[in-house]
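Visitor: Dropping the structure in here first, questions after.
The values are calculated or read from the model by the stated rules, or taken from the named source; none is laboratory data. Note that the structure is predicted; figures quoted are calculated from it, not measured. All Cβ positions, glycine included, derive from the backbone under ideal geometry; neighbour counts span all protein chains shown. The protein model used for the area step is the full one, side chains on, heavy atoms only, and it has no ligands, DNA or RNA in it. Shrake-Rupley method; radii C 1.70, N 1.55, O 1.52, S 1.80 Å.
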Amino acid sequence: MLFAEVVAASAAVAATRSRTQKARAIADLLRGADGDEVRQVTAWLAGEPLQGRLGVGWRTLAGAAPDPAPAASLTVAGVDAALDELTTIDGAGSAARRDAVLRGLLGAATDDEQRFVVRLLTGELRQGALEGVVLDAVATAAGVAAEGVRRAFMLSGSLPETAATALTAGTAGLAAVHLAVGRPVRPMLASPGSSLDAALADLGADVTVEFKLDGARIQVHRDGDDVRVWTRSLREVTGGVPEVVARIRALPCRTAVLDGETLALDPDGRPRSFQDTMSRFGSDTPDPGVLLSPFLFDVLHLDGRDLVDEPLRVRLDALAGLLADDAHAALRMPGVRSPAADQAAGVLDDALAAGHEGVVVKALDAPYAAGRRGRAWQKVKPVHTLDLVVLGAEWGYGRRTGKLSNIHLGARDPDGGEPIMVGKTFKGMTDELLDWQTRTFPGHARETAGWGVLLRPELVVEVALDGAQRSPRYPGGVALRFARVVRYRPDKTPAEADTIDAVRALLPGG
């Protein structure tokens with residue numbers, strides 16, 4: 001398959017807002033792919049090389065870009081081989097050798113192909129929810145049920161492998177994909193709930209109401225004495241959290257896959273700042289005085305039994321049995337099952353009094369929908385917050401002169417397009433944060449201007465707001481009301497940002 005066919009399909013996807021047309025363009029391409037080409041093509045259209053991040057930046061690519069080739073000749077296999085070669089280069093003279101490989105690849109590429117390669121290697125092809133479009137396309141191309149494709153992807157964690165399985169082994173091959181201890185699955189996510197009463201009215205009385213902590217999501221796998229820990233983005237952090245590993249290793253089981261949160265607590269048991277918690281994951285030399293406490297709220301596998309397809313009530317029963325001993329009871333996320341309205345309100349009051357964010361209301365009959373942000377789990381906080389993508393920043397004035405201040409905010413397009421701008425804010429920024437933005441943003445700039453910078457969609461910020469209002473000023477027809485910065489979210493990718501639909505849900509009567 002010619003590489004130009006992939007580039008053309010990507011352009012067709014970018015040119016339409018229709019999810020159906022996006023999926024059709026990708027499905028047509030996948031039908032023409034052979035063997036390993038399926039894996040390669042699927043990975044590229046989802047925005048990432050099979051090899052993962054290759055450590056090639058804008059400056060390197062700008063220096064390596066020769067004149068484009070006059071005609072398309074690159075093949076999918078040839079491009080993948082060049083990317084493979086980049087992963088093997090190290091040691092003395094590696095910079096020059098990497099530059100030579102990039103020059104060879106880009107020199108054989110047409111103008112459109114060069115732009116695609118540059119965007120692929122710098123992360124600009126990441127479109128977040130386009131992953132869901134690719135899954136629909138895989139189902140169409142293979143002639144199998146979309147649910148089977150999504151389940152196999154949930155359990156394997158690999159979109160390219162799921163595509164290859166669907167196209168080569170069909171429904172039977174997809175059904176044979178099972179949860180494996182030691183291979184992380186994508187976490188189930190909660191949707192924002194407008195209020196506790198609304199969440200209870202939506203989900204009914206057959207729910208559990210649990211604390212919503214201001215911590216970091218973790219998934220923990222145990223196989224005998226081997227314990228491994230991943231973040232919500234499936235980045236392994238086992239070596240940085242020995243206290244979590246020790247708590248899980250002490251549990252009375254041999255194999256388990258556990259879902260929960262961890263956070264740093266002060267001596268009084270109140271949560272420390274989110275930055276203190278995240279410093280344990282983001283630093284090579286974490287503060288030894290900051291210890292993480294795990295709180296578990298779900299179990300997907302226990303001692304040879306897969307529970308991912310069981311309703312939540314069954315999973316909670318299994319978790320309760322695992323943590324029944326007094327020595328382990330503190331690991332259970334606080335909450336109440338099937339509460340009356342006043343009991344549910346009491347859980348929310350207790351969570352807020354303990355310094356936590358709010359509660360999560362979960363339907364007890366729901367299976368574990370990994371990687372999905374459905375209505376079966378709804379998070380309720382007293383203040384509306386959204387995780388949005390930073391699209392740009394303007395230079396400040398007055399005491400903020402010389403600082404990148406007013407940030408442009410975008411919501412995720414659920415159909416895989418570019419983030420959709422929904423407002424700006426300069427509120428809630430400390431001097432320290434302004435200094436950080438001014439230092440950091442140029443490294444993410446896609447374009448600079450006299451007024452400020454436009455950024456590649458790579459940074460996620462949490463904002464608090466009073467709601468939303470209809471606005472013809474922005475392309476999504478909606479704007480934030482009184483948005484202010486809460487914090488940046490290094491634990492989240494743009495693929496995990498809130499969608500434009502979540503913003504519209506905050507409209508009066510929405």
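Visitor: I need the phi-derived Karplus couplings for the range 264-280: 6.51 cos²θ - 1.76 cosθ + 1.60, θ = phi - 60°, integer Hz, Gly and Pro marked x.
Guide: 8, 10, 7, x, 8, x, 8, x, 7, 5, 4, 5, 5, 5, 5, 4, 5
Visitor: While we're looking at this one, here's another question. I want to check the label-to-label distance for Asp317 and Ile89. Put each point 7 Å from Cα in the C-beta direction and report it in nm to one decimal.
Guide: 5.9
Visitor: Arranged from highest to lowest average of other beta-carbon atoms within 10 Å per residue, in what order do the peptides 74-83, 152-161 appear?
Guide: Output ranking for 74-83, 152-161: 152-161, 74-83.
Visitor: Report the FRET efficiency, 1/(1 + (r/R0)^6), for Gln275 and Arg97, where r is their Cβ-Cβ distance and R0 is 56 Å, rounded to 0.05.
Guide: Numbers: r = 39 Å, r/R0 = 0.71.
After rounding to 0.05, the efficiency reads 0.90.
Visitor: So who's got an amide H within less than 5 Å of the one on Asp298, skipping anything under 5 residues away but keeping other chains? H placed 1.01 Å off N, in plane.
Guide: Here the answer is Asp259, since their amide H atoms fall under 5 Å of that of Asp298.
Visitor: For a quick check of understanding: with a 1.4 angstrom probe and all protein chains in place, what accessible area in square angstrom does Met421 have, to the nearest ten?
Guide: My reading of the accessible area for Met421 is about 40 Å².
Visitor: Note down the nm distance, to one decimal, between modelled labels 7 Å out along Cα→Cβ at Asp349 and at Ala69.
Guide: Once both label points are built, they end up 7.1 nm from each other.
Visitor: Tell me which residues come under 5 Å, amide H to amide H, from Arg481 once H is placed; ignore anything under 5 positions away on its chain.
Guide: Asp466, Gly467, Ala468, Gln469
Visitor: Multiplying the sequence separation of Arg484 and Asp28 by 0.36 nm and subtracting their Cα-Cα distance, what value in nm do you get?
Guide: Separation in residues times 0.36 nm, less the Cα-Cα distance, equals 159.8 nm.
Visitor: Pop out the ³J(HN,Hα) list for the range 164-170 in order, Karplus 6.51 cos²θ - 1.76 cosθ + 1.60 with θ = phi - 60°, rounded to Hz; leave Gly and Pro as x.
Guide: Result, rounded to whole Hz: 5, 5, 4, 7, 9, 10, x.
Visitor: Alpha carbon centre of the range 88-116 versus the range 284-336: separation in Å?
Guide: Spelled out, the Cα-based centre of one part sits 47 Å from the other.
Visitor: At what distance in nm do the modelled label points of Asp225 and Arg249 sit from each other, each positioned 7 Å from its Cα along Cα→Cβ?
Guide: Reported label-point gap for Asp225 and Arg249 is 0.7 nm.
Visitor: Only residues of the range 479-500 count here: report those whose backbone N is under 15 Å from the spot 7 Å along Cα→Cβ of Ser233, or say none.
Guide: 488-498
Visitor: About the Cα centre, and with charges only on the beta carbon of Lys, Arg (+1) and Asp, Glu (-1), how big is the dipole of the chain? Nearest 20 debye, please. Don't skip to the end; give the middle numbers.
Guide: Details: 58 positive and 66 negative charges, 228 e Å.
In debye, rounded to 20, the chain gives about 1100.
Visitor: Keeping every protein chain present and rolling a 1.4 Å probe, give me the accessible area per residue for the chain in Å².
Guide: Each residue of the chain exposes 42 Å² on average to a 1.4 Å probe.
Visitor: Another question about this same structure. I'd like the GluC sites (Glu not before Pro) in the range 61-147 restricted to DSSP loop residues with at most 14 other Cβ atoms within 10 Å, sorted by number.
Guide: Working: sites: Glu85, Glu113, Glu124, Glu131, Glu147; in loops: Glu124.
Loop-located and lightly packed - none at all.
Visitor: Moving to a separate point now. Tell me what the chain gives for mean residue ellipticity at 222 nm when only DSSP H runs of n ≥ 4 count, each as -39,500 (n - 2.57), the sum divided by the residue total, rounded to 500 deg cm²/dmol.
Guide: Calculated mean residue ellipticity at 222 nm is -11000 deg cm²/dmol.
Visitor: Return one number: the angle in degrees, 0 to 90 and rounded to the nearest 10, between the long axis of the Cα atoms of helix 19-31 and the longest principal axis of the Cα atoms of the chain.
Guide: The two axes meet at around 60 degrees.
Visitor: Amide H of Leu391: which non-local residues (sequence gap of 5 or more, or other chain) have their own amide H closer than 5 Å, using H built in the peptide plane?
Guide: Amide H neighbours of Leu391, under 5 Å, 5+ apart: His408, Leu409, Gly410.
Visitor: Shifting gears a bit: Ignoring any ligand, DNA or RNA, what whole percent of the accessible area of the chain comes from carbon and sulfur when the probe is 1.4 angstrom?
Guide: 52
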